[in-house]
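The values are calculated or read from the model by the stated rules, or taken from the named source; none is laboratory data. On a predicted model such as this, the values are computed, not experimentally measured, just so you know. Cβ placement follows ideal geometry from the backbone for every residue including glycine, while neighbour counts extend to all protein chains displayed.
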Amino acid sequence: MENIPHNYLNYTLSVVLGCMLAFLPVISSNFSDLDGVIPIFLTSLICSTIFIYWLCYKGFKNTKLKINIVDVCFALYICYGVLRMMVSDVIFNPVIVCEWFGLVIIYVLVRLLEYKFLRVLYVSLLLGGTIQAVIGVLQYVNLLESNHVIFKITGSFSNPGHYGGFLALSIVVGLFMWRAKQYSITKGNIFFPCILFIQIVALLLSDSRAAWLAVIVPICLLFANNYFNRPFYRHWYIKLSFCILIIVMMISLYYYKKASADVRVLTWNSSLFMIKDAPVFGHGIGSFAANYMPCQACYLDEHVGGNEALIADNNMLAFNEFIHVSCEQGLVGLLLFSGLLIYAFRGTDNIKHGLVARLGLITLFVFALFSYPSSIFPIKVCFPVFIGILGKDRKPFIEFILKKSTTILLLGVVGFGIFFNVKSYQMYNHAYNSLKNGDYIRDNSKDYSFMRHNKNFLYLLSEQYLKHDQINASLQAKKLLLNIAPTSSLLCDLGMIYLYKQELDSARDCFLYAKKMTPNHISPTYGLLLVNKAEGNREECTRLSKEIISMPVRVVNNVVLKARKEAREYIQKQ
């Protein structure tokens, strides 16, 4: 796919892709409506339009295309993912389809881009990191407002972890562009080290251990590759010292935020239950949130009395993308994904652009070992970009001329993709506008089946029904939500509704299940206390009241204060 002449078509491709890498975080921050899906629709739509432009310009001129092993591996992985979307019990999610479609188009555009224009992508990522670094520093000195109520510095992201991950990619790409001395932008440019310094400062302020590791690991790998063959570094005590330094660093990072690290370990252990349930093909794309909390309940039920029960919380993220892939796509998906990475990494050491892309991909996947970049769209788009760059220098084993019939077919496929994007956006927009205008309240039989996959929409809708005393409608929406994102908080909400309806057995079941998911949360125990009060079970009420009073909690909020107050009052009355 490399035989494109040097003309304005390459400028168009490079500018569009470059702007996407540089400004997507800012765009995502400013278009957070509709559950944050506008950047996904917008990116997919723009990239698809550019691809149609390329097809119209080159598709009818007998353009030669070259397919290599990386293209085949990428296509196999995507085809398997699409097949799992089609053959799955998971509720259809149009956003995932639009996102995957956009990522495929991005990969194709990178492969079509002429080789010397690839530097534009690196410079754009560096520009994006610089913009985020400046925003983060301004947030730190209180000149800009953070996007999080707790964390002081988030850049254009909603979380400092996301922010740190994006900065890590920019820093590694910029650092090794500077080191390579093959890019004109880095030669004699005194501003370049200043830019990297600002980004490193912002990275440290982000307080993201995953992002720190994502920068440290590629640097250590390159250092070991370049220097361990030299006489001085061949001594065993030098290599041993290097290994000890790495071990000490890892232990230090673990104890730096031990509670957070322990939660990740709990998440990984609980995810193994999900993998055991469907080890070969997984549960389906987008199924992790629907299956994780029940698996956590099973894990904690088998490890009663362990420390995990004290740190368990509601969660819908794997904090490890390889575990995430295994849960949703099974062993088959993991093997296809790993095969794509292996073939992408092969033979890139001596390629000018390939080394930077390789280190960028290492950065991305070190970050992915402890975080969830697949849920962070501005970071996720870097994956097809790096894979596309690494695939440009593979020897092709298929060469063919792009015929008019093939071009027309591709135009039809991409055109349908654009239509699907626009239609999905319109339906999303209509659903949220109807929610905002209270249409579902005025007519609680109004159909919202298109949004059955969207946990944020269902939660807002159920709360809106509840606010207007439409109890049964709220109960129905919360039941739908329970199918796609079960949590102990949601089960407690359901339990309260059943308690209000005097369906005490259903209420008890909800509170007991919630308690299994998060044994350290006070709300399920408080709910059980209310159920037993309604039944007049004094002995059980006394036991639950004592448990509530003595229960250690991480955060003392209004629910905790209310529960403890009622528990004390009940004991005093006995």
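Laid out as a table, the results:
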item	result
Any hit, the range 359-380, residues being within 16 Å of residue 68 (Cβ to Cβ) and either of a type outside the set (Val, Ile, Thr) or under 15 Å from the mean Cα position of the chain (by Cα) (or both)	no
Criterion: assigned by TED's automatic domain parsing to the domain that holds residue 38, closer than 30 Å to residue 159 by Cβ and either in contact with a Cys (Cβ under 6 Å, 6 or more places away or on another chain) or in a helix (DSSP H, G or I) (or both) - qualifying residue of 450, 370, 383	383
Criterion violated by residue 234 - all others in (1) out of contact with any helix residue (DSSP H, G or I) (no Cβ under 6 Å at 6 or more places or on another chain); (2) farther than 23 Å from residue 139 by Cα; (3) modelled with pLDDT of 65 or more satisfied	(3)
Lone unmet requirement of (1) of a type in the set (Ser, Thr, Tyr); (2) out of contact with any Lys or Arg (no Cβ under 7 Å at 6 or more places or on another chain); (3) modelled with pLDDT under 85 for residue 256	(2)
Count of the range 165-181 residues which are touching a residue at least 60 places away in the same chain (Cβ under 8 Å) and not β-branched (Val, Ile, Thr)	7
Boolean, residue 397 is in contact with a strand residue (DSSP E or B) (Cβ under 8 Å, 6 or more places away or on another chain) and in contact (Cβ under 8 Å) with a residue 12 or more places away in the chain	yes
Close pairs (7 angstrom Cβ cut-off, 6 or more residues apart or separate chains): over 13 Å from residue 452 (Cα atoms) in the range 83-94, at pLDDT below 85 and not polar (S, T, N, Q) anywhere	none
The range 61-96 - residue that is within 23 Å of residue 277 (Cα to Cα), hydroxyl-bearing (Ser, Thr, Tyr) and more than 19 Å from the chain's Cα centre (by Cα) and, of those, surrounded by the most Cβ atoms within 10 Å (Cβ to Cβ)	80
In the range 400-433, residue nearest to residue 106 (Cα to Cα) [restricted to those that are out of contact with any strand residue (DSSP E or B) (no Cβ under 9 Å at 6 or more places or on another chain) and among the hydroxyl-bearing types (Ser, Thr, Tyr)]	407
Residue that is surrounded by the most Cβ atoms within 10 Å (Cβ to Cβ) [pool: residues in the range 28-60 that are among the hydroxyl-bearing types (Ser, Thr, Tyr) and touching a Phe, Trp or Tyr at 6+ places or on another chain (Cβ under 8 Å)]	44
Test for residue 91: is it farther than 16 Å from residue 384 by Cα and not in a helix (DSSP H, G or I)	yes
Test for residue 481: is it in contact with a Leu (Cβ under 7 Å, 6 or more places away or on another chain), modelled with pLDDT of 90 or more and either under 23 Å from residue 39 (Cα atoms) or surrounded by 19 or more Cβ atoms within 10 Å (Cβ to Cβ) (or both)	yes
Residue in the range 366-389 that is over 29 Å from residue 86 (Cα atoms), surrounded by 19 or more Cβ atoms within 10 Å (Cβ to Cβ) and without any contact (Cβ under 8 Å) to a residue 60 or more places away in the chain present	no
Verdict on residue 409 being under 30 Å from residue 101 (Cα atoms), in the same structural domain as residue 43 (by TED's automatic domain parsing) and modelled with pLDDT of 90 or more	yes
Search result, residues across the range 183-212 that are closer than 21 Å to residue 119 by Cβ, in a loop (DSSP other than H, G, I, E, B) and at pLDDT 70 or above	190
Residues within the range 40-91 that are at pLDDT 90 or above and among the small types (Gly, Ala, Ser), tallied	4
Hey, residue 400 at pLDDT below 95, of a type in the set (Phe, Trp, Tyr) and closer than 30 Å to residue 326 by Cα or not	no
Yes/no for residue 271 being touching a Leu at 6+ places or on another chain (Cβ under 8 Å) and within 28 Å of residue 456 (Cβ to Cβ)	no
Near pairs, Cβ below 9 angstrom, 6+ apart or cross-chain, from the range 104-125 (assigned by TED's automatic domain parsing to the domain that holds residue 82) to any residue that is at pLDDT 90 or above and among the acidic types (Asp, Glu)	107/71; 111/71
Entirely in the range 251-315, the helices (runs of 4 or more DSSP H) that have 2 or more residues that are among the charged types (D, E, K, R) and surrounded by 14 or more Cβ atoms within 10 Å (Cβ to Cβ)	258-277
